Amino acid sequence: MAQIKNEAAYRAALKRIDELLPLVNDNTPTDDRNYLELDMISDMVEEYEDIHYPIGKPSLIDIIKLRLYEMGINQTKLAEMLGLSTARVSEIMNGKSEPSLKIGRELSKKLNIDPAIVLGV
């Protein structure tokens, strides 16, 4: 399969995707030429982006911040939920200390974060 080899080709592929998107929808047959072209170009763009624009794995702190935002709560409320001092929560959120296993378990339960993420596995 063809590959996108440089930034100019990448930008051109993105432009072509923008042109094709209005022409393809959930009801478009999979053998439609616009559907096929969009599928191929999208795969090429994805491959290029995986190499040149990789998305790193978020840190536990990033995930906690996201969950706090989604739940509409702040660090003070989190401290109350976990039964910790605000200073201890601040240390964790600033990366100055790691949560203990007990705190990690509570973070997982109270914020609905996958335990594997909390454990870093």
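Looking at segment 65-121, how many pairs of lysines come closer than 16 Å at the Cα, when each pair is eight or more places apart or spans two chains? Final tally of qualifying lysine pairs is 7. Of the accessible area of the chain, with the probe set at 1.4 angstrom, what percent is carbon plus sulfur? Within the chain, the accessible surface is 53 percent carbon and sulfur.
Which FRET efficiency value, to the nearest 0.05, do you get for residue 7 and residue 81 by plugging their Cβ-Cβ distance into 1/(1 + (r/R0)^6) with R0 = 41 Å?
Values: r = 46 Å, r/R0 = 1.12.
Once rounded, the FRET efficiency stands at 0.35.
Angle of helix 60-71 to the longest C-alpha principal axis of the chain, folded into 0 to 90 degrees and rounded to 10: 90°. For the chain, the per residue solvent-accessible surface stands at 71 Å², with DNA, RNA and ligands left out and a 1.4 Å probe.
The trypsin sites (Lys or Arg not before Pro) found in segment 1-58 that occupy coil by DSSP, while having at most 10 further C-beta atoms within 10 Å, are 5. Under the classification rounded if a/c is under 1.5, otherwise prolate if a/b is larger than b/c and oblate if not, where does the chain fall, given a ≥ b ≥ c as square roots of the Cα gyration tensor eigenvalues? In terms of gyration-tensor shape, prolate.
At 0.36 nm per residue, minus the direct Cα-Cα distance, what do residue 14 and residue 67 gain on full extension? Give it in nm, one decimal, please.
Values: separation 53, 0.36 × 53 = 19.08 nm, distance 3.16 nm.
The residue 14-residue 67 span can extend by a further 15.9 nm.
Under a model in which nothing but the beta-carbon of Lys, Arg (+1) and Asp, Glu (-1) is charged, the chain shows a dipole of about 980 debye around its Cα centre.
When a/c reaches 1.5 or more, the comparison of a/b and b/c decides; with that in mind, is segment 77-121 rounded, prolate or oblate per its Cα gyration tensor? Before the final figure, lay out each step's value.
Numbers: a/c = 2.17, a/b = 1.30, b/c = 1.67.
Verdict is oblate for segment 77-121.
Note on segment 1-65 and segment 96-121: Cα centroid distance 34 Å, given to the nearest whole angstrom.
The label-point distance for residue 31 and residue 52, in a model that sets each label 7 Å from Cα toward Cβ, rounds to 3.5 nm. In the assembled protein chains, residue 92 presents an accessible area of approximately 10 Å² (probe radius 1.4 Å).
The values are calculated or read from the model by the stated rules, or taken from the named source; none is laboratory data. Small disclaimer: the values here were computed from a predicted structure and weren't measured. When we count neighbours, we look across all protein chains shown, and the Cβ atoms used for this are built from the backbone with ideal geometry, even at glycine. What goes into the accessible areas is simple: the full protein's heavy atoms, side chains included, and nothing from ligands, DNA or RNA. Shrake-Rupley method; radii C 1.70, N 1.55, O 1.52, S 1.80 Å.
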